[in-house]
1. Based on C-alpha coordinates, I'd like the Rg and Dmax of region 263-353, in Å.
2. Below 15 angstrom from the Cβ of Lys118, what's the summed charge of the other residues (Lys, Arg +1; Asp, Glu -1)?
3. Given H placed 1.01 Å from N in the peptide plane, which residues other than close sequence neighbours of Thr132 have an amide H under 5 Å from its amide H?
4. Work out how far the C-alpha atoms of the chain reach from end to end along every principal axis, then list the three figures in whole Å, largest first.
5. If contacts are Cα pairs under 8 angstrom and at least 6 residues apart, what is the relative contact order of region 67-222 in percent?
6. When all protein chains stay in place, what accessible area (Å², nearest 10, 1.4 Å probe) is found for Arg115?
7. At a Förster radius of 30 Å, what calculated FRET efficiency corresponds to the Cβ-Cβ distance of Gln207 and Lys259, to the nearest 0.05?
8. Please compute the net charge surrounding Trp238, taking Lys and Arg as +1 and Asp and Glu as -1 over other residues with Cβ under 15 Å from its Cβ.
Amino acid sequence: MHSPRKIEFESLIKKVENHKNDKLPLVMYCLPGDTVIRALFQKDDVLHHIKDFKERGFVFAPFDNSLQTIVLKSNTSYISDFEVSTQIESGKKEVVTNDEAFHLELVKKGIQEIRSGKLKKVVLSRQVQVETEKKELSIFKSALHKYPTALRYLWYHPKVGTWIGASPEQLLKVEGNQIHTTSLAGTLPVIDNNNPEWSQKEFIEQQMVTDFLKEEIAEFVNDIKTTKVSSVKAGKLWHLKTNITADLKSFDQLKPLLKRIHPSPAVCGVPKDLAKKFILEYESYRRNYYTGFLGELNLTQEHSTSLYVNLRCMSLDANQATIFIGGGITEASNPEMEWQETNNKCQTMLSLL
């Protein structure tokens, strides 16, 4: 495996600009808590798809797991250090949307399905389109500084488009035969230095995710261990989190395991197949790569992968950013409060613009 070449940050930015101007695929990303940027450049515009997860590169998967997963091949790679800025602009950006009535009705329909016994939970989302003069690399730089505990990335393929995100949620990490996954659910805004006051609704929602993951991975692993539920901060939001570890029986089972756990209840619902069917039928748009997953595959060593859920993300086209936001709906959900929650979450990406 070739080692990435270390270069200055501004030199890396220039290489990214040139590669993108040549309409060639690339990804630039920084792992949570890290100050090292990694960049992979593919030499042609071929759209490569995953066959068995033994490939090397950077994975980009859609929400709909019946569709193909892209792998960006690493023909040339670089790393670069950067310094996290302590001077971060803050403030709210207000956006006028015309989808409130539709989203409220969608949430009501979701609650109705749950009360009828067909679903236990469904995650419903919307998109917000915003005009922006800010350049892609400038948006990515803002994400680097604003969300140091997230996976921050800029991904581009001429046949797919440009995506930028700052995801707080790891879907799956594999090192040798050990796997690590995270159950993350529930959302409350950060208010001053106060600890979050969780309701029963949020604890039930998070427990559904934990139970689903343990049940779905059981066939492929041994020795499942879980941590206690804890509150974690991601930007200006609190979430409930449980860490899950286990021993993978064989790396050959990674593909079927991922098919089983993605999309998880944190981005889809319970039961998964019925929730996914409801989402595809009733949401007013196609999620594409929002609530899919992305990350490294066999880049540092064989049988290693580090995948994150594609949350807190946007797609970019010319001077328009499309931001994606959603929330978990249970029997106890209130449509107006769910609408407000999506507006709170929207600020994460709006603040980068």
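1. 15.5, 48
2. +4
3. Gln320, Ala321
4. 55, 49, 39
5. After rounding, I find 12 percent.
6. 150 Å²
7. It comes to 0.80.
8. 0
The values are calculated or read from the model by the stated rules, or taken from the named source; none is laboratory data. Predicted, not measured: the structure shown is a model, and the values here were computed from it. Positions of Cβ are backbone-derived with ideal geometry, glycine not excepted, and every protein chain shown enters the neighbour counts. The area values use the complete protein model at the heavy-atom level, side chains included, leaving out ligands, DNA and RNA. Shrake-Rupley method; radii C 1.70, N 1.55, O 1.52, S 1.80 Å.
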